[in-house]
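Worksheet: the structure to be examined is printed underneath.
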Amino acid sequence: MRTAIYPGSFDPVTCGHLDIIKRAAKLFDNLIVLVSVNPLKSTCFSPEERMDFICRVTKGIPNIQVDCDDGLLIDYFNKRNADVIVKGLRAMSDFEYEFQMALVNKDLCYKAETVFLCADVVGTFLSSSMVKQIALFGGDISSYVPHEIETDIIKGVKRLNKGNI
Ligand code: PNS
């Protein structure tokens, strides 16, 4: 049984993330979508809200678990006895950071392989930050986020002042 972890802030999950989730779920026996709580990053949505969004949009994909962790990714990886870390790659600009993280994780734990999936066309230019900005200023996010969570994202973003995006 191959277990993969797809970690991220998911603040909030977008159609780009969902595409990676669906494709990774086909490649591995179990996929854990891990909401990372990292005090170095400020977020708009609480970990519980972020997990709830992911659960709602992945209902119907049987081999997915959604979890949350506030420690090092590699410690969680070992605790779950996982085989692979999955990351989505949008543009070459993602690559340097992701490459560095994959090497750090491999250095911390030799068996931690990172598998990169290329984003689909929409996912290539999409990010959670862009979605939040568009929503905050009243733009249409319906093509960028799963419809089940669109209204809750708009409501959540409006709680913020414009400095926290
Ligand atoms: O939203 P991101 O940047 O895709 O989140 C990915 C990651 C790994 C940075 C996130 O899972 C996280 O913050 N994890 C906790 C700290 C960690 O393990 N960082 C990687 C090694 S330095």
Per the helix-only model, the chain has a calculated mean residue ellipticity at 222 nm (DSSP H runs of ≥4, -39500 (n - 2.57) each, divided over all residues, rounded to the nearest 500) of -13500 deg cm²/dmol
What number comes out for accessible area per residue over the chain if the probe is 1.4 Å? Units Å², please. 54
Near Thr151, within a Cβ-to-Cβ distance under 14 Å, what is the net charge of the other residues, with Lys and Arg +1 and Asp and Glu -1? -2
Surface share of carbon and sulfur [accessible, 1.4 angstrom probe, percent] for the chain: 55
Quick one: net charge around Ala112, please, counting Lys, Arg +1 and Asp, Glu -1 for every other residue with C-beta under 13 Å from its C-beta. +1
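The values are calculated or read from the model by the stated rules, or taken from the named source; none is laboratory data. As the structure is a prediction and not an experimental result, all values here were calculated from the model. Note that we place each Cβ from the backbone using ideal geometry, even for glycine, and neighbour counts take in every protein chain shown. Note: areas computed on protein heavy atoms with side chains; ligands, DNA, RNA excluded. Shrake-Rupley method; radii C 1.70, N 1.55, O 1.52, S 1.80 Å.
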